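Okay, so here's the structure we're looking at.
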Amino acid sequence: MTPVLEDGDVVLLARGAPFAVGDIVVSRHPSRSTEVVKYVGAIEGRFVRLDSPHGTDSRQFGRPTLDLVVGPVTCNLTRRRLITGSTSNDNGE
């Protein structure tokens, strides 16, 4: 089974849209001036655990707050594939 995203893939996101555990999101890094693309592993209060099966995740760089999440990824433009996520709204909104 091939990964949903690879380094260098171009993605489309739904800026400000609701997201839930299991979704792939774009988030601003909590301590660096960059953005990351990760799976939402958990939402606990104001914090989001971001998981990565084969890379760094919030266990290494810390959990971002909800307001740092830009939005869920909806499409991998490089591979021309839609990315379906959870339809529930677990981010407290």
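Can you name the condition, by its number, that G55 falls short on among (1) assigned to a loop (DSSP other than H, G, I, E, B); (2) surrounded by 13 or more Cβ atoms within 10 Å (Cβ to Cβ)?
It is condition (2) that G55 fails.
Scan segment 1-58 for residues that are under 14 Å from V69 (Cα atoms) and in contact with a His (Cβ under 9 Å, 6 or more places away or on another chain) and jot them down.
Correct list: E35, V36.
Tell me, which residue of segment 1-15 that is assigned to a loop (DSSP other than H, G, I, E, B) and within 12 Å of the chain's Cα centre (by Cα) is nearest to T74 (Cα to Cα)?
Result: A14.
Could you check segment 2-51 and list, in sequence order, the residues that are surrounded by 13 or more Cβ atoms within 10 Å (Cβ to Cβ) and of a type in the set (G, A, S)?
Passing the criteria: A14, A17, A20, G22, S27, G41, A42.
If a residue must be outside any loop (DSSP other than H, G, I, E, B) and over 9 Å from the mean Cα position of the chain (by Cα), how many such residues does segment 17-39 contain?
2
Within segment 56-64, does at least one residue satisfy the condition of being modelled with pLDDT under 95 and among the small types (G, A, S)?
Within segment 56-64, one or more residues are modelled with pLDDT under 95 and among the small types (G, A, S).
The values are calculated or read from the model by the stated rules, or taken from the named source; none is laboratory data. Quantities reported herein were computed from a predicted structural model and do not represent experimental measurements. Virtual Cβ from ideal backbone geometry, glycine too; neighbours counted across all protein chains shown.
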